[in-house]
Amino acid sequence: MLINQIKRGETVLEARGITKRFPGVVANDHIDFKITAGEIHAILGENGAGKSTLMKIIFGQYQPDEGEIFLGGEKVVFKSPLDAIDRGIGMVHQHRQLISAHTVFENIILGHPGAGKVLNMKRVTQEIYDLCDKFGFKVDLKAKVWQLSEGEKQAVEILKALYRGAEILIMDEPTSALTPVETEKLLDSIQAMSDDNLAIVPFITHKLPIVLQISDKVTVLRRGKVVASLDTPDATEKSLTHALVGREIVFNTKREKVERGRTILQVENLSAINDKGLPALVDVSFTIREGEILGVAGVSGNGQRELVEILAGLRKPAEGKILLAGEDITDTSSARRWQLGIGYIPADRNGVGTVANFSLVENTAMNYYFDHDFYRRGVLDYKKMRELTEQFISEYDVAAPNPDVKAKNLSGGNLQKFVMARVLSRNPRLIIADLPTQGLDIGAMEFVRNKLVEAKRNKAGVLLISEDLDEIFAVSDWIAPLYEGHFMAVLPVEKATREEVGAMMAGIGETKEAA
């Protein structure tokens, strides 16, 4: 298919009645979807709504149980992604499909039959640079992938698809790991591709402002079905949210006047080395008081992991001091920190927050085994532990059949609710929330954010680590952009702007202003 032979606005791809079943679930239920040349058509849906399954069917990774796909009016059957690629469909995955040790050039041409048996380096290099110029990408073809920022890696993924001749480009959560500056550059490139008559299909979980900003049309999936399909100018955040979850979402994050108490956490000149032996944190100092939330904004890999692990007692600092309500806890164990009132919500709810093959009761016991109310003469009181777990399930609306279900059988959102319940039930003085809404759908996000605000209202101090600026600005009292191990500033949210914070996340505009 040559998309330049199809007039702008004419249908290039149509899926009719697509149905896909997995054991116990209908992932796609008679879905109709079409996209025209030059159109940016967003697919919006919560986790499990069926958007990934639909895109994998269009890309040839899955075959539908029912339904048909038409490309340029011709019925097609894709038995593999290679079939889809050969017909001009490209897919940019959320989790990078790149080889870190290879150069940008090598990643783009790897496995591409058009490169030829004898590679004409000059010709291929010029073709790639022509694509970069055409769509506004700036990458060093000689750089190794591991040296690139997330935005640059995203550009390489797109160039790889375009170099293979993609005329329909499917993009999985295209802005999820990007800074605001990188996001704007990507959106400009997507618009340039649309202007060149390419058809773009971004599928997105919850970033509604991105959908409204960039798309021409939006289709909303819920529980495997199309519940709305409309021109974007006719949509609002409120209408899309209602279509997503079937109800109005309310983030109770209006910053109430909470009387801030004493300093609960004081970090002084903290430095750390990462697992590769390189500096991860450099001379970081900050305080958190009772009744306030400090939001640390940054792209993954800039020292967040080392910061939370040190505060939780899972990693030793290279230098610096940590005080909890005036008590030096720099060298105390993680168990002792729990007892002193530090609650840790890890980013990895599966590998760190829970033991997958343990029941919910057993996972509860991991945080209560030292509590005298739950053991007698060295033996855990299983009955009390089960009652507490049932309380978690009820109060936090965890969709679990019973307390004996294994943690691995819960969805991401429900597992996160359980982890939150287990941590917050101890009424911690300090809460370390590391990417607490990552990978969650909009309903679960609402729940988690409101719980953090509720904890603040109850005089807890909260350290929130997030890559989502909307979340940072929604719940934080102070914002600390983190770049390459440095706190670029600690800004009161009332005086901060998204542009300023986004620039600092990219290492631009360092300031010495601090709380």
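The values are calculated or read from the model by the stated rules, or taken from the named source; none is laboratory data. The structure presented is a predicted model; accordingly, all values stated were derived computationally and were not measured. Note that we place each Cβ from the backbone using ideal geometry, even for glycine, and neighbour counts take in every protein chain shown.
Residue by residue, here is whether (1) without any contact (Cβ under 8 Å) to a residue 60 or more places away in the chain; (2) touching a His at 6+ places or on another chain (Cβ under 9 Å); (3) surrounded by fewer than 13 Cβ atoms within 10 Å (Cβ to Cβ); (4) more than 27 Å from L265 (Cβ to Cβ) holds:
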| position | (1), (2), (3), (4) |
| --- | --- |
| K316 | yes, no, yes, no |
| T330 | yes, no, no, no |
| G341 | no, no, no, no |
| V352 | yes, no, no, no |
| V379 | yes, no, yes, yes |
| L410 | yes, no, no, yes |
| K417 | yes, no, no, no |
| S425 | yes, no, no, no |
- Message: Going through G60, G9 one at a time, which residue ends up being part of a loop (DSSP other than H, G, I, E, B) and crowded, with 20+ Cβ neighbours inside 10 Å?
- Response: G60
- Which of the residues belonging to segment 434-459 are closer than 21 Å to G261 by Cβ and outside any loop (DSSP other than H, G, I, E, B)? K451, L452, V453, E454, A455, K456, R457
- Item | Which listed residue is more than 29 Å from L186 (Cβ to Cβ) and assigned by TED's automatic domain parsing to the domain that holds S189, from K79, K34, K7, K51 | K79
- Item | Among (1) under 27 Å from the mean Cα position of the chain (by Cα); (2) outside any loop (DSSP other than H, G, I, E, B); (3) crowded, with 18+ Cβ neighbours inside 10 Å, the one test that A400 misses | (2)
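To keep it simple, each residue is scored yes or no on (1) in a helix (DSSP H, G or I); (2) farther than 23 Å from S466 by Cβ.
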{"residue": "G277", "(1), (2)": "no, yes"}
{"residue": "S285", "(1), (2)": "no, no"}
{"residue": "V296", "(1), (2)": "no, no"}
{"residue": "G301", "(1), (2)": "no, no"}
{"residue": "V308", "(1), (2)": "yes, no"}
{"residue": "R315", "(1), (2)": "no, no"}
{"residue": "R349", "(1), (2)": "no, no"}
{"residue": "T354", "(1), (2)": "no, no"}
{"residue": "V361", "(1), (2)": "yes, yes"}
- Query: For residues in segment 386-397 being of a type outside the set (D, E) and under 17 Å from Y368 (Cβ atoms), which is nearest to the chain's Cα centre (by Cα)?
  - Reply: Y396
- Message: Please go through (1) in contact with a helix residue (DSSP H, G or I) (Cβ under 8 Å, 6 or more places away or on another chain); (2) crowded, with 19+ Cβ neighbours inside 10 Å for R386 and return the number of the only condition it doesn't satisfy.
- Response: (2)
- Determine which single condition A335 fails, assuming it passes every other condition in (1) within 27 Å of the chain's Cα centre (by Cα); (2) farther than 19 Å from V462 by Cβ; (3) not hydroxyl-bearing (S, T, Y). (1)
- For R255, indicate whether it is at pLDDT below 85 and more than 30 Å from I43 (Cα to Cα). yes
- Message: Given the criteria among the aliphatic types (A, V, I, L, M), on the phi < 0 side of the Ramachandran plot, at pLDDT below 85 and surrounded by fewer than 23 Cβ atoms within 10 Å (Cβ to Cβ), does V405 qualify?
- Response: no
- Residue that is at positive phi and in contact with a Leu (Cβ under 7 Å, 6 or more places away or on another chain), where the choices are G320, G295, G277: G320
- Query: Restricting to strands (runs of 3 or more DSSP E) lying wholly in segment 63-166: which have 1 or more residues that are surrounded by 15 or more Cβ atoms within 10 Å (Cβ to Cβ) and either free of Cβ contacts under 8 Å to residues at least 12 places away in the same chain or among the basic types (K, R) (or both)?
  - Reply: 74-76
